[in-house]
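K.L.:
One structure follows; several queries about it will come next.
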Amino acid sequence: VTKLRLIRTLTSLLIHQSRTFDDLTIPPPAINSLPSPNDHNNTNHTETAVTPPPTKTTMEEKKHETMGVAHQLARKNIALLHPYRCARDDYSNGILLDANENAIGPTSVPTDSDNHLTLERYPCPYQIPLKQKYASYRGHELSHENIFVGVGSDEAIDLLMRIFCVPGVEEIMITPPTYGMYRVSANVNDLRIVEVPLTEDFDLRVPEMLAAVTPRTKLMFICSPGNPTAKAIPLDTIEEIANSSYRGLIIVDEAYVDFSTIPSALSLVHKYPNVVVLQTLSKAFGLAGIRLGFAIANDDIIQLMNNVKAPYNVNSLTSEVANNALKNVSTLEKNVATLLAQRDVVEAKLNELDFVTKVYPSDANFLLFRLKCCAQEIYKLMADRGIVTRFRGNELHCSECIRVTIGTEDENNSFIEALVKIYNEVVTTK
């Protein structure tokens with residue numbers, strides 16, 4: 001009896017300890033209940049396992065299961081990730097002796113600068129003022145909590161794959177011909193790539209896309225307007241996918257949206273929790289050199305992206321230029337109008353050339369066109385003579401195609417002249 005009482009006391013202490021130290025990630029082993037002294041003659045007693053209290057890990061897993069679409073789709077270790085806490089998360093003003101910066105000042109500053117950006121200091125890790133300006137500019141009741149700011153759209157593409165796809169197990173879907181970085185990032189992250197090609201007119205094949213979805217398909221990339229297709233995808237097509245049984249993320253890459261008459265998918269962000277829109281300052285804003293892009297989505301998706309990103313991914317110089325650009329929207333609109341007018345001029349001139357068999361309609365700041373023959377050779381000869389376009393003939397549905405960006409009026413005229421001259425040279429030598 002004394003021995004049994006001692007065992008009961010030790011058991012009670014063990015259970016109490018597991019409740020006290022609730023941060024243990026490995027629960028104590030289940031301890032079978034022991035018979036009381038009065039039960040020693042009862043041969044039919046049942047041993048009942050004592051259920052250990054929930055551990056911190058168990059509680060976090062249950063929280064993970066009840067949160068929004070981001071946490072339901074994310075890799076478990078990412079959903080439970082505690083982000084790196086940098087010095088500027090705590091304080092950004094005062095005598096800053098917390099981040100091991102060089103308080104004496106920078107070795108160099110931009111030309112004609114007075115170092116008003118205090119480049120010896122780390123930048124704001126979340127770029128709240130920039131996000132607020134961008135949300136206000138784009139509308140659709142967006143707030144800074146719906147916006148991720150990164151190094152071009154490419155950082156967002158990579159982060160989404162890292163957050164939501166298990167390497168070597170899960171997959172993304174792309175619709176070739178499309179932007180090449182989806183494939184590159186997927187290969188870097190060891191993800192399978194499901195391809196559902198566009199039609200020859202560069203439309204999505206939605207039934208085929210949905211039929212190709214598996215439980216492992218976590219991300220679906222839709223480039224709109226497309227690259228190299230220049231064709232925007234109608235919103236009702238995207239909504240058809242959003243209203244389907246597919247529950248992964250639908251990522252609409254809108255690098256060229258400011259040149260398009262098709263409305264942005266930003267209007268779908270609050271309507272569908274799994275829609276993510278990518279945009280950039282590299283195209284219509286004319287700021288490719290600062291490398292700044294945005295992901296716009298439900299705040300739970302954006303929070304995970306902020307958790308995983310590098311602490312100071314957007315530098316102070318980039319941030320200042322981006323903020324200034326959003327104060328000069330009238331310049332943006334003027335430049336876009338000029339480029340669209342020139343796009344019409346170049347399209348008309350290409351259509352006048354008998355060796356150009358097709359000029360595809362464009363919702364972007366470039367044109368995709370097909371030659372009768374020799375597109376790669378002509379592209380190379382033009383580039384060697386200083387007129388650089390892009391040969392796209394290796395892409396699906398793009399045989400003998402060249403992609404040309406719309407430049408200034410003089411640049412566009414030089415391009416047309418070179419194209420005619422070099423084509424005639426090549427053909428006469430055949």
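K.L.:
(1) open to solvent by less than 30 Å² (accessible area, probe 1.4 Å); (2) in contact with a Pro (Cβ under 6 Å, 6 or more places away or on another chain): which one isn't true of Leu396, the others all being true?
P.N.:
With respect to (1) open to solvent by less than 30 Å² (accessible area, probe 1.4 Å); (2) in contact with a Pro (Cβ under 6 Å, 6 or more places away or on another chain), Leu396 is out only on (1).
K.L.:
Could you look through segment 171-192, keep only residues that are open to solvent by 40 Å² or more (accessible area, probe 1.4 Å) and hydrophobic (A, V, I, L, M, F, W, C), and pick out the one that is farthest from Cys401 (Cα to Cα)?
P.N.:
Among them, the one singled out is Val188.
K.L.:
In segment 164-181, which residue that is at pLDDT 95 or above and outside any loop (DSSP other than H, G, I, E, B) is farthest from Val276 (Cα to Cα)?
P.N.:
Among those that are at pLDDT 95 or above and outside any loop (DSSP other than H, G, I, E, B), it is Glu171.
Results for (1) touching a residue at least 40 places away in the same chain (Cβ under 8 Å); (2) out of contact with any Gly (no Cβ under 7 Å at 6 or more places or on another chain); (3) farther than 18 Å from Lys283 by Cα; (4) of a type outside the set (Asp, Glu), shown as yes or no for each residue.
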| residue | (1), (2), (3), (4) |
| --- | --- |
| Gln342 | yes, yes, no, yes |
| Val359 | no, yes, yes, yes |
| Leu368 | yes, yes, no, yes |
| Gln376 | no, no, yes, yes |
| Ala383 | no, yes, yes, yes |
| Gly393 | no, yes, yes, yes |
| Ile406 | yes, yes, no, yes |
| Glu409 | yes, yes, no, no |
| Asn412 | yes, yes, no, yes |
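K.L.:
Regarding segment 331-338, can at least one residue be identified that is free of Cβ contacts under 8 Å to residues at least 24 places away in the same chain, among the polar types (S, T, N, Q) and surrounded by fewer than 17 Cβ atoms within 10 Å (Cβ to Cβ)?
P.N.:
The answer is yes, given that some residue of segment 331-338 is free of Cβ contacts under 8 Å to residues at least 24 places away in the same chain, among the polar types (S, T, N, Q) and surrounded by fewer than 17 Cβ atoms within 10 Å (Cβ to Cβ).
K.L.:
Would you call Asp344 acidic (Asp, Glu) and buried (at least 16 other Cβ atoms within 10 Å of the Cβ)?
P.N.:
Criteria not met by Asp344.
K.L.:
From the residues in segment 351-387 that are acidic (Asp, Glu) and assigned to a helix (DSSP H, G or I), which one is most open to solvent (accessible area, probe 1.4 Å)?
P.N.:
Out of the qualifying residues, it is Asp384.
K.L.:
So Glu145 clears everything in (1) farther than 16 Å from Val275 by Cα; (2) not in a loop (DSSP other than H, G, I, E, B) except one condition, right? Which one?
P.N.:
(1)
K.L.:
Residues in segment 148-159: is at least one under 19 Å from Val321 (Cα atoms) and β-branched (Val, Ile, Thr)?
P.N.:
So far as segment 148-159 goes, yes, one or more of its residues are under 19 Å from Val321 (Cα atoms) and β-branched (Val, Ile, Thr).
K.L.:
Report yes if some residue within segment 388-400 is farther than 28 Å from Glu195 by Cβ and in a helix (DSSP H, G or I); otherwise report no.
P.N.:
No, because not a single residue in segment 388-400 is farther than 28 Å from Glu195 by Cβ and in a helix (DSSP H, G or I).
K.L.:
Kindly check whether there is at least one residue in segment 340-350 that is among the β-branched types (Val, Ile, Thr), within 30 Å of Thr429 (Cα to Cα) and not in a helix (DSSP H, G or I).
P.N.:
no
K.L.:
For segment 317-329, give me the residue count where each residue is surrounded by fewer than 17 Cβ atoms within 10 Å (Cβ to Cβ) and not aliphatic (A, V, I, L, M).
P.N.:
Here the count works out to 4.
K.L.:
Looking at segment 310-322, I want the residues that are modelled with pLDDT under 95 and of a type in the set (Lys, Arg) and have a partner that is open to solvent by 40 Å² or more (accessible area, probe 1.4 Å) and part of a loop (DSSP other than H, G, I, E, B) with Cβ atoms under 9 Å, at least 6 apart or on another chain. Which pairs are those?
P.N.:
Filtered contacts from segment 310-322: no entries.
K.L.:
Which members of segment 182-228 meet the condition of being in a strand (DSSP E or B) and farther than 23 Å from Ser399 by Cβ?
P.N.:
Scanning segment 182-228 gives Arg192, Val194, Thr217, Lys218, Leu219, Met220, Phe221, Ile222.
The values are calculated or read from the model by the stated rules, or taken from the named source; none is laboratory data. Worth saying up front: this structure is predicted, and the values here are computed from it rather than measured. Positions of Cβ are generated from backbone atoms using ideal geometry, with glycine treated the same way; all protein chains shown enter the neighbour counts. Protein only, heavy atoms only, side chains kept; ligands, DNA and RNA dropped before computing areas. Shrake-Rupley method; radii C 1.70, N 1.55, O 1.52, S 1.80 Å.
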